[in-house]
Structures are given as C-alpha cells and as structure tokens.
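I have placed the structure first, in the form of structure tokens, so that the comments after it can refer back to it.
The values are calculated or read from the model by the stated rules, or taken from the named source; none is laboratory data. What you see is a predicted model, and the numbers here were worked out from it, not measured in a lab. Please note: Cβ atoms are built from the backbone with ideal geometry, for glycine as well, and neighbour counts cover all protein chains shown.
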Amino acid sequence: MESNVFYTTNRNIIKNIWLIPIVLITVACGWLIARKGVAIGMIFLVLPFIAGFVALVFLKPRIGMFTYIVYVFVMPTIGKHIPGLQVGLGTDGILLLTLFAILFFRSDKFKFRYINNDLFWTAVVWFVITILQLGNPERPSILGWVYEMRSATLYWILTIPLAILLFYKKSDINTFFTIIIVLSLIGAVYGVKQMKMGPDAAENRWLEEGPKKTHVLFGKLRVFSYYSDAAQFGASQAHIAIMCIILAVGPHSRKKKLTYMIAGLVIMYGMIISGTRGALFGLVGGGFMFLILSKQIKILLLGAIVGGGALGVLKYTTIGNQNAEIRRLRTSLDPKDASLQVRFINQQILANYIKNKPFGAGVGTMGTWGTIYNKNKYISTIPPDSLYVKIWGMYGIVGFLIWFGMMMYILGKSAGIIWKTRDPVLKNQLASLCSGVAGILLCSYGNEVLNAMPSEAVVFVSLAFIWLSPRWDTPETKKIETDENEELIYSNNHKIGLTNQV
C-alpha cells in the first residue's frame, strides 16, 4: 500500500489537507515580518493571548479595568523596545473592549444609574465641547483632532463611568493603591538602575531620535525610567509619593504605616532623579490639599511651617548644591530662570496670536500632533510647555475658563465628600486620592501631565473612587424616641434596631 502526506491509497481519502493552509499562513506571516519588521512578528506571537484576554474581559469586565491601570504604566517602555508598535492604541482598545463587554454581554449585571452624577456629566460637557471644536473657524486637521481628542477627553469620558460601574467593592480601593504603589516603586528602582548603569540599547536609540536634547543636560541624564519621558516620570512619582506619605499618617496598623512611608521615600527619590522641576509642585499642591482636608488649624499651621521651611531651604540656601538633582530642583523656585523666561515669552506670543480667537485655534493644533498634522499653522510652532497653555491655545479663553472651572468644581466637590466621610480609614484613603489629584493639577501648569499616562488614568480612577465612597462609608445613625419610652435606631433612613430606655 502506498501513501504520501496527503493521501492514504487504501481509503483514497485526503487525511492531512490541513497542512496546506498552515503552510500558506506561515509563508504569509514570514513575508509580512520581512516587509513590516519585528513589530508584526510580536503581534502574531501575542495574538493567541489577545484572544484569550478578550474572552476573559467579556466574562469578567473588571479584569479589563485593572489591566488598563497596569498597561498605562508599562506602555511607554513597550513602545521604546518594539519600534513601530502603536502602543498608545492599546489604551483605547482595552477601554473600548471593557465598555463593549459591559454593554453587549453583561449589561444586566451593572447598575447604570450610578453613573448619573455630576462627575460623569462634566466629562460629557467637555466631550461635547471637544466635538464642537471640529467646527472651529481655523479649520484644523481632522487627524490632529482625532489624536489629540483621545488624551483631551476620550480617556476621561471612558475611564470615569467604567471605574464607577466596575469598582463597586470597597476592597477595590486597596487593590488600586497596591497596583499603583508597586508599579511606581518598580519605576523608581528601574530609574536608579538607569542612572547608575545607563539606558539600554532601545532607550539609547529613543534618546538619539530627538529626546536627547531635553534628557541629557550638561552630560547628566534626566532619568525617565520606563515612563514616556522624564517630565511624566517625575510628576507621576511626586503624585504617588505624596499619596503614600498621607497614607502613612493615617489610622492604619504600624506595619502598614511603615510600608507606606518607605514606599513614599523611595518613590520621592525617583522624583528627584528625574530632574523634573515642576514635580516639586506635585508635592506642594498635594500636601497643601491634605492640610485643607484635615480641617484642623493646628495641623494646617504646622504643615504650612514645615512646608514653607523646606521651600525656604531650597530657595534661600545652597544646602545640597553638590547634588545635580537638587541644584536643578532649586531652579524651579528661581523667577529669573532662563527656561521660565522662555516660557513667559512663548505665552506672550500665544496671547497675541489668539487674542481675537475666543474659541482657540482648534484641538490638535499645538504640541506633538500640531507639529505633525497642522504644521502649516503658526500656532503649531509655539511650544505649549504646559497643559494650561495648551488648552488655552486649542480651546481659547472660553474653553479654558470652562475647563478650569470644572477642575475647581471637581476638587471642591471631592473635598466636600471627604469632609462628610465618617469612616476614618476610608477618609484617609480618599484624602490621599484627592491630594494626589490636586498635586497633578498643579504640576500641569508647568508640564503636560494630566493629559499623559499613567497620571491621567490614576487621576480619573481616583475621582471615581471618591464619588463611589459614600456607599462604603460608616452609616449615619439617628435615634427617634417613641411613645413607649423606647428608641428606634435608624441608619440612612432604615430601621436597624430597638432599644428599651427603662
């Protein structure tokens, strides 16, 4: 009996015909990798895992949100080490996948009424304003609008409702803290490695493509760790450091306090080696917000004295000047600093350009996407240097005032929620989240921080937890005397007990 790969002659049937499509697919994959590079190969390699992840998210959408939080931390270094891979689109993909899993597969499991709140509707207002910017008289590029819109509003309007719907357990806030603190600690340690041993080959290639002029100053590397750049690394480290310090002074066990304090100090060192001067204001803004939230005059005064003293040492002394990082940090308090003066000049140029444009020059006309998709417009040549300036230039004074007003409202409402919180542990956790948000908002005056990952994701998830918190708080008890000389004890308008007063 004769047989070959495809036929068995005694039965005269095809047995291994499945080898043909496999061979064809293998050849096609090899051709694509040869033409498009290693990024395509990586996609083929992880495709089975992606399919499994999609199925898992549809079964348990909460996994999608936790993955999103982890991904935004490691996304930049993936992009540096795999050239050509559009890692930023992974953020959109994870959020949209999670949204589809909720809407089309498990919509009956979630209470959508919880997203009917002012936090969500402020996001909707800003999303609508961004869409209306498509009609801006300056006629900016549609592609520039699409790319800028993602960080300006899309992640905001997706993260808030998804976090509110999926993080419904009180324990989720602890999981969130664990994830962001561990990832920030790893980032700080990796930053130290980068400072002592230098960047690896992929990071050096990234530096040589342009960022070297801002990341290597006077022969000294501004550490960026596995973040997108040194500015985001420093701001994010300041953000998480102040959160850890606030948690360390909360009503936790001694072991937890010590853990939070050590983590905070290590992460703060990461902030220092980043050489990001504006990150200092993340600590200042976050610390000041915590003092306000404490509502204790003694603590407020003590904190103001300690914080003012620390800033005074930086501004009026030369202590620590032998350290390059401290020298650079000290320049953030110098009003005559050359870099600061250049920023003021750029802001004056921008003010003259948009003085007759109350709605700005359009979304996507400034910053990276402006230089790529709107290079024919003069505003694209003006460096924004700041999220505030960027919003002012793109949305105009009208849009900027709306945005800034919403930010102030959100911070004020957050403070109100925290002041009313009765559970001391929860109150400390919420104060940590709110103070971190305030710190990032202040940092954003000096750099584009709130519209960059991972800070953007951490801020919006933090706000979602603050709005969720009243349902986890210790119930408020009320006593009502009855005619029978007894008390009915009510908690949130529900009867929970009966006591005899005789």
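Can you name every residue in segment 373-393 that is surrounded by 23 or more Cβ atoms within 10 Å (Cβ to Cβ), in contact (Cβ under 8 Å) with a residue 24 or more places away in the chain and more than 24 Å from residue 279 (Cα to Cα)?
374
Okay, residues lined up against (1) of a type in the set (D, E, K, R); (2) modelled with pLDDT of 95 or more; (3) under 13 Å from the mean Cα position of the chain (by Cα):
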{"site": "164", "(1), (2), (3)": "no, no, no"}
{"site": "171", "(1), (2), (3)": "no, no, no"}
{"site": "185", "(1), (2), (3)": "no, yes, no"}
{"site": "199", "(1), (2), (3)": "no, no, no"}
{"site": "210", "(1), (2), (3)": "no, no, no"}
{"site": "219", "(1), (2), (3)": "no, no, no"}
{"site": "227", "(1), (2), (3)": "no, no, yes"}
{"site": "231", "(1), (2), (3)": "no, no, no"}
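If you check 189, 216, 266, 223, which single one turns out to be out of contact with any strand residue (DSSP E or B) (no Cβ under 8 Å at 6 or more places or on another chain), in contact (Cβ under 8 Å) with a residue 40 or more places away in the chain and over 30 Å from residue 63 (Cα atoms)?
Result: 223 is the single residue among 189, 216, 266, 223 that is out of contact with any strand residue (DSSP E or B) (no Cβ under 8 Å at 6 or more places or on another chain), in contact (Cβ under 8 Å) with a residue 40 or more places away in the chain and over 30 Å from residue 63 (Cα atoms).
Restricting to segment 177-231, name every residue that is under 30 Å from residue 257 (Cα atoms), part of a helix (DSSP H, G or I) and not aliphatic (A, V, I, L, M).
Result: 177, 178, 184, 187, 190, 191, 193, 194, 196.
Scan segment 256-278 residue by residue and report those that are of a type in the set (Ser, Thr, Tyr) and either part of a helix (DSSP H, G or I) or modelled with pLDDT of 95 or more (or both).
Residues satisfying the conditions are 259, 260, 269.
Would you mind telling me which numbered condition in (1) crowded, with 23+ Cβ neighbours inside 10 Å; (2) more than 30 Å from residue 142 (Cα to Cα); (3) over 13 Å from the mean Cα position of the chain (by Cα); (4) aliphatic (A, V, I, L, M) residue 437 fails?
Failing condition for residue 437: (3).
Can you report the number of residues in segment 397-421 which are touching a Lys or Arg at 6+ places or on another chain (Cβ under 8 Å) and surrounded by fewer than 20 Cβ atoms within 10 Å (Cβ to Cβ)? Talk me through it step by step, then tell me what you get.
Initial filter on segment 397-421 (touching a Lys or Arg at 6+ places or on another chain (Cβ under 8 Å)): 418-419, 421.
Now narrow it down to the ones that are surrounded by fewer than 20 Cβ atoms within 10 Å (Cβ to Cβ): 419.
Going through segment 397-421 one residue at a time, the tally reaches 1.
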